[in-house]
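*Asks:* Dropping the structure in here first, questions after.
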Amino acid sequence: MATSRVITWEVSGSQGLETAWTELGADALRARGRAVGTSPQPYWISYELDTADGFVTRRLRVTAESADGVRTLELRHDGAGRWTADGESLPDVEGALDCDLGLCPLTNTMPVLRHGLHLAPGERGLSMAWVSVPDLTVLPSRQTYSHLGQGRVRFVSGDFRSDIVFDGDGFVVDYPGIATRFGRS
């Protein structure tokens, strides 16, 4: 049975806010969210995320509105490592299991839950389909997640490094430099 939660973060990375309505099952996550940011430019984002067994991303649908206009992205994963954006093949992110929506603390949940890194020792180097906000460009991103202790995971991507605090369900509580959850519970 899925557990429903509503989570809101102050997103310092975008100088904005994000709210996600989540349904967390034993090995799948569904969510829809809204974010407003002022950096790198004022924007609104809405998204829907669906994962399959093992918290593997199946679909991320994003709409972004900024002074540049409205953009949409339908990012899909076929379950065998192949991705499409709006129906077009994305060979640069082939093999990735997860998407990572820029400045969105929710999308750190999938790899952490899949590998139990918020609860038990381990380290995983992962390839991600990273979505830049607000332009919605999809790029490959190499990321490493390392268990530091109960509820604490180090995230490294390129020169960026942050020690993230997760709750027992695998949702971000504090992501220094990116986001802090309201209520921190």
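*Asks:* Tell me yes or no: at least one residue of the stretch 40-57 is modelled with pLDDT under 95 and part of a loop (DSSP other than H, G, I, E, B).
*Replies:* Yes, because at least one residue in the stretch 40-57 is modelled with pLDDT under 95 and part of a loop (DSSP other than H, G, I, E, B).
*Asks:* Test residue 70 against the criterion of being among the β-branched types (Val, Ile, Thr) and open to solvent by less than 10 Å² (accessible area, probe 1.4 Å), and give yes or no.
*Replies:* Numbers: among the β-branched types (Val, Ile, Thr): yes; open to solvent by less than 10 Å² (accessible area, probe 1.4 Å): no.
Here the answer is no, as residue 70 does not meet what is asked.
*Asks:* Another one. Given the conditions (1) touching a residue at least 60 places away in the same chain (Cβ under 8 Å); (2) not in a loop (DSSP other than H, G, I, E, B), and given that residue 92 satisfies all but one, which numbered condition is not satisfied?
*Replies:* For residue 92, the exception is condition (1).
*Asks:* Being within 20 Å of the chain's Cα centre (by Cα) and without any contact (Cβ under 8 Å) to a residue 60 or more places away in the chain is the filter here, so list the residues in the stretch 66-79 that pass it.
*Replies:* Within the stretch 66-79, 74, 76, 77, 78, 79 meet the criteria.
*Asks:* For residues that are open to solvent by less than 20 Å² (accessible area, probe 1.4 Å) and under 25 Å from residue 25 (Cβ atoms), tally how many sit in the stretch 117-139.
*Replies:* 5
*Asks:* Something else now. Would you pick out the residues in the stretch 79-100 that are among the acidic types (Asp, Glu), in contact with a strand residue (DSSP E or B) (Cβ under 8 Å, 6 or more places away or on another chain) and surrounded by fewer than 20 Cβ atoms within 10 Å (Cβ to Cβ)?
*Replies:* At the first step, the residues of the stretch 79-100 found to be among the acidic types (Asp, Glu) are 86, 88, 92, 94, 98, 100.
Within this subset, residues satisfying the condition of being in contact with a strand residue (DSSP E or B) (Cβ under 8 Å, 6 or more places away or on another chain) are 86, 92, 94, 98, 100.
Scanning the stretch 79-100 gives 86, 92, 94.
*Asks:* Of all the residues that make up the stretch 101-116, how many are outside any loop (DSSP other than H, G, I, E, B) and either surrounded by fewer than 19 Cβ atoms within 10 Å (Cβ to Cβ) or charged (D, E, K, R) (or both)? Walk me through how you get there before you give the answer.
*Replies:* First pass over the stretch 101-116, keeping only residues outside any loop (DSSP other than H, G, I, E, B): 101, 105-115.
Cutting the leftovers down to either surrounded by fewer than 19 Cβ atoms within 10 Å (Cβ to Cβ) or charged (D, E, K, R) (or both) gives us 114.
Residues in the stretch 101-116 being outside any loop (DSSP other than H, G, I, E, B) and either surrounded by fewer than 19 Cβ atoms within 10 Å (Cβ to Cβ) or charged (D, E, K, R) (or both): 1 in total.
*Asks:* Go through (1) outside any strand (DSSP E or B); (2) open to solvent by 60 Å² or more (accessible area, probe 1.4 Å); (3) of a type outside the set (D, E, K, R) and name the single condition residue 14 misses.
*Replies:* (2)
The values are calculated or read from the model by the stated rules, or taken from the named source; none is laboratory data. The shown structure was predicted, so the numbers you read here are calculated from the model rather than taken from an experiment. Cβ sites come from the backbone with ideal geometry, for glycine too, and all protein chains shown count toward neighbours. All accessible areas refer to the heavy atoms of the entire protein, side chains included, with ligands and DNA or RNA removed. Shrake-Rupley method; radii C 1.70, N 1.55, O 1.52, S 1.80 Å.
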